[in-house]
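What follows is a set of notes on a single structure, which appears directly below.
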Amino acid sequence: MLGTLNLNVAFSALADPTRRAILARLAKGEATVMELAKPFAMTQPAISQHLKVLEDAGLVARRVDGTKRPRRLAKAGIEAMDLWLAMLRKALKKNYDRLDEVLAGVEQPKIRR
Amino acid sequence: MSKLTLKTEGNTHVVVTRRFAAPPEAVYRAHTDPKLIQKWLLGPEGWTMPVCISDARPGGKIRYEWTDGKGHGFHLTGEYLELEPYSRIVHVERMHLPDPTPDNHVETRFAADGTGTLMTMRMTLPDAQTRAAMLATGMEAGMEASYVRLEGMI
């Protein structure tokens, strides 16, 4: 189970448009640093720096393929963020379900008697 | 299919949408009338809001105090900035845990949607780190609610 700290790191890692674009690209499949750098007006070291932030946050993983180090989405990290947003939705849902009941009462105060 | 959506947007926003079966006027009142707010804005199961101040006019104060009835509690303060009955509320709020969190700037819109209402709440935090911390705090509250529900099932 991921703790609060890791989720903080993960959300901070997402707070950058280049890193979000990298994740969007990786969602389509594995890619090398060179392939990832192509759509951006950035050097490979700059992209590598962004990848390091994403890797430290547990959102991106790499494997060894000869001299290449293709990156892919780290399923566990992405799923943890998803799960956590789902929990937050659940807490909000509870409040709004209560609000539904309040609204039903406000709308028809006489029918209930 | 869930009626609620929650999404992060850009670096500092969180956007929540929800549909209600009541017209915008009723949903707007449930967000501004303290007697109504006290009935639903409660967080985890078992918590109540014994103090609810909602002075719904520009510059008016907001103060919500929650308690679990066992000596635990926290509160929120804020100010209303703009109100357009019954379509839009802009306010700032901060939690006191007990140190105040950075200001959360919230714009809530109520749009007629058939016979009901589509609410869109757009929160803006000062920076990405604050948003991350706010969402993480929300998770703890959500988890606590699920644990309490779980206890009820056992």
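The values are calculated or read from the model by the stated rules, or taken from the named source; none is laboratory data. Nothing here was measured: the structure is a model prediction, and the numbers come from that model. Cβ placement follows ideal geometry from the backbone for every residue including glycine, while neighbour counts extend to all protein chains displayed.
Pull out all pairs, ordered by first then second residue, where Cβ-Cβ is under 7 Å, the residues are six or more apart or on different chains, the first lies in the stretch A:86-100 and is under 11 Å from residue B:42 (Cβ atoms) and at the interface with chain B (Cβ under 7 Å from one of its Cβ atoms), and the second is assigned to a helix (DSSP H, G or I) and charged (D, E, K, R).
Partner pairs satisfying both residue conditions: A:98/B:39.
Quick check on this structure: which one of A:57, A:10 is surrounded by 13 or more Cβ atoms within 10 Å (Cβ to Cβ), at pLDDT below 90 and in contact with a Ser or Thr (Cβ under 8 Å, 6 or more places away or on another chain)? If you could, list the steps in order and put the result at the bottom.
Numbers: A:10 fails: in contact with a Ser or Thr (Cβ under 8 Å, 6 or more places away or on another chain).
It is A:57.
Taking the stretch B:12-32, which residues are surrounded by fewer than 17 Cβ atoms within 10 Å (Cβ to Cβ) and touching a helix residue (DSSP H, G or I) at 6+ places or on another chain (Cβ under 9 Å)?
B:13, B:21
Here is a yes/no grid of residues against (1) at pLDDT 80 or above; (2) closer than 30 Å to residue B:25 by Cα; (3) of a type outside the set (Lys, Arg); (4) surrounded by 15 or more Cβ atoms within 10 Å (Cβ to Cβ):
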position: B:91; (1), (2), (3), (4): yes, yes, yes, yes
position: B:118; (1), (2), (3), (4): yes, yes, yes, yes
position: B:127; (1), (2), (3), (4): yes, no, yes, no
position: B:134; (1), (2), (3), (4): no, yes, yes, yes
position: B:143; (1), (2), (3), (4): no, no, yes, yes
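Can residue A:15 be described as over 11 Å from the mean Cα position of the chain (by Cα) and within 14 Å of chain B (Cβ to nearest Cβ)?
No, not satisfied.
Testing residue B:53 on (1) crowded, with 18+ Cβ neighbours inside 10 Å; (2) free of Cβ contacts under 8 Å to residues at least 60 places away in the same chain, one condition comes back false. Which one is that?
Result: residue B:53 passes all but (1).
Would you be able to tell me the number of residues in the stretch B:103-116 that are in a loop (DSSP other than H, G, I, E, B) and surrounded by 15 or more Cβ atoms within 10 Å (Cβ to Cβ)?
1
On the given criteria, is residue B:33 within 14 Å of another protein chain (Cβ to nearest Cβ) and acidic (Asp, Glu)?
Taking the combined requirement at face value, the residue satisfies it.
Going through A:75, A:93 one at a time, which residue ends up being at pLDDT below 85 and under 30 Å from residue B:39 (Cβ atoms)?
Of A:75, A:93, the one residue that is at pLDDT below 85 and under 30 Å from residue B:39 (Cβ atoms) is A:93.
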